[in-house]
Amino acid sequence: MAKDADQVSPQDFHDRLLIDRSDLESALEDHPTLVLEVGDIQAELVAERDTVKMELDKLEAAIDKELRADAVKHEEKITEKSIANSIIGDNRMQAMQRKFLKAKADADAWGPLREAIHQRGYALRSLVDIELRKLNIEADNSAFSRKATEARQTRGEIAGNKARAGVERRR
């Protein structure tokens, strides 16, 4: 179930990072969906950031053009430094920079979550390996116990047979 980026935050996914070792199967089934959901949200936010950056660049070029045209119109000499300072001080530019910084912060906030999900994948793989090794050890121990019991029974039968044989020889 994909969610819109403006409806969720990275913290909404923190509980889904947890792995219940007693239910690895569910964690393994949920993992690809988690990767996809977070990836889609971050991609949407990165696209929004990039769009705002393009708007910022366009606005900067438009303000630059206005300043130069105004200087030509009033026959004023204008330096590159004064143009840059005027662009920085323009209220439209400041508002657009704030919008860009918010979009950038929103997109960047999802990076640590994506990394945590990536690490979760490695952890799941390791936990499955550990569980499989435990099962193999239990199976090996069970087989060893069965063989040891069979060996004891065989030794007991052999000893019993020898004992009977010894009693029969004495008769």
Subject >> Qualifying residues in the stretch 18-51 (those that are of a type in the set (A, V, I, L, M) and exposed (fewer than 15 other Cβ atoms within 10 Å of the Cβ)) - the one farthest from Ala109 (Cα to Cα) >> reply: Leu18
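The rows are residues; the columns are (1) modelled with pLDDT of 90 or more; (2) assigned by TED's automatic domain parsing to the domain that holds Leu36; (3) closer than 30 Å to Glu29 by Cβ.
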| residue | (1), (2), (3) |
| --- | --- |
| Leu127 | yes, no, yes |
| Arg133 | no, no, yes |
| Glu138 | no, no, yes |
| Ala151 | no, no, no |
| Lys162 | no, no, no |
**OP:** Kindly provide the set of residues from the stretch 79-106 that are loosely packed, with under 13 Cβ neighbours inside 10 Å and hydroxyl-bearing (Ser, Thr, Tyr), ordered by number.
**Re:** Thr79
**OP:** Six or more apart or on different chains, Cβ under 7 Å: which pairs go from a residue in the stretch 81-107 that's within 14 Å of Lys58 (Cα to Cα) to one that's assigned to a helix (DSSP H, G or I) and not aliphatic (A, V, I, L, M)? Could you list them?
**Re:** Ile87/Glu60; Ile87/Asp64; Met93/Glu60; Met96/Glu55; Phe100/Lys53
**OP:** Output the qualifying pairs, or none if there are none: Cβ atoms under 8 angstrom, residues six or more apart or on different chains, first residue in the stretch 44-71 and over 20 Å from Ile83 (Cβ atoms) and modelled with pLDDT of 95 or more, second residue of a type outside the set (Phe, Trp, Tyr) and not in a helix (DSSP H, G or I).
**Re:** Glu44/Asp4
Original post:
Going through the stretch 70-95 one residue at a time, which ones are part of a helix (DSSP H, G or I) and of a type in the set (D, E, K, R)?
Top reply: Asp70, Lys73, Glu80, Lys81, Arg92
Subject >> Boolean, Gln11 is free of Cβ contacts under 8 Å to residues at least 24 places away in the same chain and in a helix (DSSP H, G or I) >> reply: yes
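The values are calculated or read from the model by the stated rules, or taken from the named source; none is laboratory data. Predicted model only: the values in this text are computed from it and were never measured. Here Cβ is always computed from backbone atoms with ideal geometry, including for glycine, and neighbour counts include all displayed protein chains.
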